[in-house]
Amino acid sequence: MHRLSARAVACQKRPGIYADGAGLYLRVQGGNARSCVYIFSLEGRRREMGLGAPPAVGLARAREKAQAARESVADGIDPIARRRTRLDTPTFGEMADAFIEDRKASVRSDNSIARWKRSIGEGGYADSLRASRVDRIQTDDVLGVLRPLWESHPSR
């Protein structure tokens, strides 16, 4: 492992693919077109995952990304599919705003929309969750929103 140096990555101009070890490669395609790729096999299929191009992604960062991808592969998870899913997952705020918009047509009063905005809208009770992706929200996050409400608005 670690057969490449940062200097070799920066200076390599000859087209080819150069191994760093453990599935991490530097791909040079004519002139200054260089990229770091992680090559792996999962379920009998050879896959290549782009990790970024030097100098934006340095060798050390490419090694970190390759290590994370190796761990996913070891768990039987396709790191390319995982990355794609992560990019497509909406935030709680996006979902809440879409929900409020959908409800506008079916409510009888503006007070109902105001209640929804107060609870899950921007500046509402759940404001701390708005920036979180919905797949990352845990029970403790929800309880962190609800506990202060339960304490300040006890049931009658």
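The values are calculated or read from the model by the stated rules, or taken from the named source; none is laboratory data. Small disclaimer: the values here were computed from a predicted structure and weren't measured. Counting neighbours? That spans all protein chains shown, and the Cβs are built from the backbone with ideal geometry, glycine included.
Condition (residue is crowded, with 18+ Cβ neighbours inside 10 Å, in contact (Cβ under 8 Å) with a residue 24 or more places away in the chain and within 30 Å of Ile113 (Cα to Cα)) applied to region 22-42: is it met by at least one residue?
No, because not a single residue in region 22-42 is crowded, with 18+ Cβ neighbours inside 10 Å, in contact (Cβ under 8 Å) with a residue 24 or more places away in the chain and within 30 Å of Ile113 (Cα to Cα).
Please go through region 18-59 and pick out each residue that is hydroxyl-bearing (Ser, Thr, Tyr) and more than 15 Å from Ser5 (Cα to Cα).
Tyr38, Ser41
Before we move on, is Pro79 touching a strand residue (DSSP E or B) at 6+ places or on another chain (Cβ under 8 Å) and of a type outside the set (D, E, K, R)?
yes
If you go through region 13-42 one residue at a time, how many are assigned to a loop (DSSP other than H, G, I, E, B) and touching an Asp or Glu at 6+ places or on another chain (Cβ under 6 Å)?
Qualifying residue count for the region: 0.
Does at least one position in region 19-31 carry a residue that is in contact with a strand residue (DSSP E or B) (Cβ under 7 Å, 6 or more places away or on another chain), outside the structural domain of Ala126 (by TED's automatic domain parsing) and under 30 Å from Asp141 (Cβ atoms)?
Checking region 19-31: not a single residue is in contact with a strand residue (DSSP E or B) (Cβ under 7 Å, 6 or more places away or on another chain), outside the structural domain of Ala126 (by TED's automatic domain parsing) and under 30 Å from Asp141 (Cβ atoms).
Name the single residue, out of those in region 86-109 being surrounded by 11 or more Cβ atoms within 10 Å (Cβ to Cβ) and of a type in the set (S, T, N, Q), that is modelled with the highest pLDDT.
Among residues in region 86-109 that are surrounded by 11 or more Cβ atoms within 10 Å (Cβ to Cβ) and of a type in the set (S, T, N, Q), the one modelled with the highest pLDDT is Thr91.
Go through the residues of region 12-19 one by one and say whether even a single one is in contact (Cβ under 8 Å) with a residue 40 or more places away in the chain, on the phi < 0 side of the Ramachandran plot and of a type in the set (Gly, Ala, Ser).
No: region 12-19 contains no residue that is in contact (Cβ under 8 Å) with a residue 40 or more places away in the chain, on the phi < 0 side of the Ramachandran plot and of a type in the set (Gly, Ala, Ser).
Tell me, yes or no, whether region 44-52 has at least one residue that is of a type in the set (A, V, I, L, M), more than 25 Å from Thr139 (Cβ to Cβ) and at pLDDT 95 or above.
Yes, that holds for at least one residue.
Here is a check on your reading of the model: is Ala81 crowded, with 17+ Cβ neighbours inside 10 Å and either basic (Lys, Arg) or within 25 Å of Arg136 (Cβ to Cβ) (or both)?
For Ala81, the condition - crowded, with 17+ Cβ neighbours inside 10 Å and either basic (Lys, Arg) or within 25 Å of Arg136 (Cβ to Cβ) (or both) - is not met.
Of all residues in region 1-12, how many are surrounded by 11 or more Cβ atoms within 10 Å (Cβ to Cβ) and either of a type in the set (Gly, Ala, Ser) or part of a helix (DSSP H, G or I) (or both)?
5
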